[in-house]
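Where a number appears in this text, it was derived from the coordinates with a stated rule and is not lab data. Everything quoted here is computed from the prediction, not taken from an experiment. Don't worry about glycine lacking a Cβ; one is built from the backbone with ideal geometry, like all the others, and counts go over all protein chains shown.
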Amino acid sequence: MKLISSPYLHQPVSIARLMRRVCLALVPGIVVFTWLIGPALLVQLLVASIVALGAEGLLLKLRGRPVQPFLSDGSALVTAWLIALTFPPLSPWWLTTVGVLLAIVVAKQLYGGLGQNPFNPAMVAFTGCLIAFPALMSQWPTQGLSFSFADQLEVIFGFAPRLDALTGATPLDAIKTAMKTEAFASIQELLISQHLYGIFAGRGWEWVSAAYLAGGAFLLYKRVITWHVPAAFLLCMGGLSALFWLYDPAHYADPVFHLFSGGAMLGAFFIATDPVSGCTTPRGKLIFGAGAGVLSYLIRVFGVFPDGIGFAILIMNLCAPMIDHFSQPAVFGSKGERA
């Protein structure tokens, strides 16, 4: 029977159900990613999941908290999957383990667990390992490399030391390096001369981003997330990149390249939308997403690191409480008084 007037009985929100939907939304990206580089990504997902669940259970036990309810909510699994997707798929197993422990132990449990962490755990892991192990975090597999599953396992578990021959720069990293060294007169010349860039954002990587976009649309449809953060993030990143591209197209890539390369789509729909470390008010979400999009572009183009999404989101995590404070809607029945 459909109710057409109040009162309405809302279905209770389950954290485990929301986390399962987030994992389901990540599946298209995982499938395309695995098709591009082979099953190494699945190994990283398995390693990250085992370490995350083990670390979460151990810390809950040490803190005297019930293990089963918190371990089954799926939050540790989502963090593990995001780490595996943002780390190079041929990373050594211990690097993935360090990242997961940094996220679960330091960024989450030491702050009190789910709902208490001020920073996104996956981005703490990514930026921490990027600063500590920059060489390993920049070794992404070369597209089109014929590399068997057995060989990939040897690389991940430390039996094949010749990693440099199997990896290459990402499109973002290649553009930054080429333009700084003035190896090419313009970005257009670079894009035309190298097969690395594929159709418009990186050979194959644009399809990974499209898969994340499809997963994000699923989250919006299921109302796991709202439109505010991803829309503000993508509009501001795309708008700012369009301004620089129109000003000097020879030295700045177009908006489509920036939106479909690197972790833009993953960051917009799966990371910046974290309800714990982000903003909660509608206006605050718009400010949070806009700030993350602008900072990501500025760090990409003018910073040291090729992709600035992790740093941008952590900076906005710092600002989230203040943004929420000043973006509270007025109390009903009052004149401009905030809640």
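Quick check on the exposure proxy: order Phe244, Phe326, Phe126, Phe33 from fewest to most C-beta atoms within 10 angstrom.
Placing the least packed residue first, the sequence is Phe326, Phe244, Phe33, Phe126.
In Å, what is the Rg of the alpha-carbon atoms in segment 203-315, and how long is Dmax?
13.4, 41
Which length gain, in nm to one decimal place, applies between Leu298 and Arg63 when the Cα-Cα distance is subtracted from 0.36 nm times their residue separation?
80.5 nm
Counting other beta carbons within 10 Å of each Cβ, put Cys23, Cys279 in order, fewest first.
Listing Cys23, Cys279 from fewest to most nearby Cβ atoms yields Cys23, Cys279.
For segment 11-168, what's the relative contact order in percent, using C-alpha pairs closer than 8 Å and at least 6 residues apart?
For segment 11-168, the relative contact order is 25 percent.
How much length is gained on full extension from Ser148 to Ser72, taking 0.36 nm per residue of separation minus their Cα-Cα distance?
Additional length available on full extension: 23.9 nm.
Over segment 11-168, what portion of Cα pair distances is larger than 22 Å, expressed as a whole percent?
Value for segment 11-168 (Cα pairs over 22 Å): 42 percent.
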